[in-house]
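Accompanying notes for the structure given below.
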Amino acid sequence: MDRVAVLPHVVRRAERLIFSGENTRACRLLAHALADIDPITARPDARLIEAAICYAETLSFEWDIPDRAELQLTWVRYAETAALTCYGRSSQLWQRAAGFYARVCATQGLTFDAVAVLQRTLAAYRTYGPPDRIPEVRGQLAAALHDDGQCAEARTEIHDAWHTWLRTRARIRARSPHVGGQLLTTYASILAGCGQTSDARALLRDHADLVTAEANTSREAAALVAAVQIAMTERDHRPVCTARPAPAVQAPTSTPLPSQRWQVWETLLLKSHPTPSTPLDQRLYRRGSPLPDWS
């Protein structure tokens, strides 16, 4: 039987498993279905593209799989390249694959690749639409540029994305209510990462309600996730920062976050006192809030 021909059925079964909370079973099902297919030499095929995206997404949550990062990168790269070949940049399938490819690259530290993919994605949205997606993608590009050490370019991109969103927020909110909070968190992270903490605090004081009111979670959990992202960027960005000199000795990124830093940002967002009696990881997981994109 043709392995590719059965993939739509496999993907539907995997999606049902994922919806039921059985991500590991879905991942194993897709791995078995794709076992005899080499993503490096495989021809572009819509059925294989969908399966590749689904498999790469399940791998995001399976940390114990050997070579998980390489598998995920290889399959999502195939999906992006094949979708571009088959359908072009106006295709929603390519846009979906490209967005996920950029996130995988950023997570794995491939910052140059993440920037390149997001620049292509932004150009596609500018050409083919919808225009409401442009501020969101520009925010993602700003974060990737910042991770890559292109700090001036990152600040320009996030500044323009933020003010575009402010001008069009009434229309964009109806389609994507989470974008304002994402852009605010990214903007504050970039400012804090480059040492402009006063500007980051002023920005958050003026617009803190966007993080707490527009995220698809509780007010407290949304503020906590944003605060951790800002604090981690503030801690980890210094070695690649081009806006200020790197320190002579840099603490490794595995160093735990000083509790006072994320609490400062959380307090600013909530405009109330934090509750430090509960450890940070327990607070995140107990509330069931999504982990931030720390790339």
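How much net charge surrounds VAL4 when only the other residues with a Cβ under 13 Å from the Cβ of VAL4 are counted, with Lys and Arg +1 and Asp and Glu -1? List each step's numbers first, then the result.
Working: positive: ARG3, ARG43, ARG47; negative: ASP2, ASP36, ASP38, ASP45, GLU50.
In short, -2.
Within the shell defined by Cβ-Cβ distances under 13 Å, the residues around LEU84 carry a net charge of +3, with Lys and Arg each +1 and Asp and Glu each -1. With K and R counted +1 and D and E -1, the other residues having a Cβ less than 11 Å from that of LEU17 yield a net charge of +3. Spread over its residues, the convex hull of the C-alpha atoms of region 1-111 is 101 Å³ per residue.
Under the combined filter of DSSP loop state and at most 15 neighbouring Cβ atoms within 10 Å, region 1-65 retains these GluC sites (Glu not before Pro): GLU22.
Bear in mind that the values in this text are calculations on the coordinates, not laboratory data. Everything numeric here is computed off the predicted structure, so don't read it as measured data. Positions of Cβ are backbone-derived with ideal geometry, glycine not excepted, and every protein chain shown enters the neighbour counts.
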